[in-house]
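As structure tokens, the structure follows; a few thoughts come after it.
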Amino acid sequence: MSMHEVAIHEDTARRISGVLSTFLSESAAVDVLLIDRGGQLLAQGDATRALDTVSLSALAAGAFSSTAAMARLLGEPEFTMLFHQGIKENIHVTAVDEGAILLATFGSRTTVGMVRLFAKEASAAIGMILAEARERGGRIGELEGPLGPDEGRSMFRERSA
């Protein structure tokens, strides 16, 4: 089962949410997003402000992908961490596993070292949770194949009163 096919059930989502909340409190980061490498938002920490998470997720995944291409040019399998420093805001992006990345935004309340330390711990914990979810496999309610004509009719037949 690939990362794009992993089923994040309620218990898995709750565990990931707990890791993200712990990360925010320990690191003093402002926001944290769990993103798949295609740019889809998988989970978000306790949001304290409005963010365009769709755009941020897509752009972060693209930046991470282009940095991986640069790493390959230098003979590295990938660079597992990106850091962007601004005047008031900073972004730290780190690899979780082959299918996900963790993005944190932070300001002057904390340091890149604190964010980096706790992001490494959070990434390892989330990576284990996602690996367990992949092993569990199978989506609830997933169809084996297309419905046949009789199956479709029987599902949508009016019930008698």
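The values are calculated or read from the model by the stated rules, or taken from the named source; none is laboratory data. None of the values given here were measured: they were computed from a predicted structure. Don't worry about glycine lacking a Cβ; one is built from the backbone with ideal geometry, like all the others, and counts go over all protein chains shown. Note: accessible area is taken over every heavy atom of the protein model, side chains too, but ligands, DNA and RNA are not part of it. Shrake-Rupley method; radii C 1.70, N 1.55, O 1.52, S 1.80 Å.
Among the residues of region 30-73, those identified as touching a helix residue (DSSP H, G or I) at 6+ places or on another chain (Cβ under 7 Å) and acidic (Asp, Glu) are Asp36, Asp46. Somewhere in region 1-12, is a residue open to solvent by 60 Å² or more (accessible area, probe 1.4 Å), at pLDDT below 95, touching an Asp or Glu at 6+ places or on another chain (Cβ under 9 Å) and among the hydrophobic types (A, V, I, L, M, F, W, C)? Yes, region 1-12 has at least one match. Scanning region 34-54 for residues that are loosely packed, with under 14 Cβ neighbours inside 10 Å and either acidic (Asp, Glu) or modelled with pLDDT of 95 or more (or both) gives Asp46, Asp52. Pick out the one residue from Val96, Val115 that is in contact (Cβ under 8 Å) with a residue 12 or more places away in the chain and either open to solvent by less than 20 Å² (accessible area, probe 1.4 Å) or touching an Asp or Glu at 6+ places or on another chain (Cβ under 7 Å) (or both). On inspection, the qualifying residue turns out to be Val115. Taking residues in region 56-76 that are within 21 Å of Asp31 (Cβ to Cβ) and in a helix (DSSP H, G or I), and partners anywhere that are open to solvent by 60 Å² or more (accessible area, probe 1.4 Å) and of a type in the set (S, T, N, Q), the pairs with Cβ atoms closer than 7 Å and at least 6 places apart or on different chains are Ser57/Gln40.
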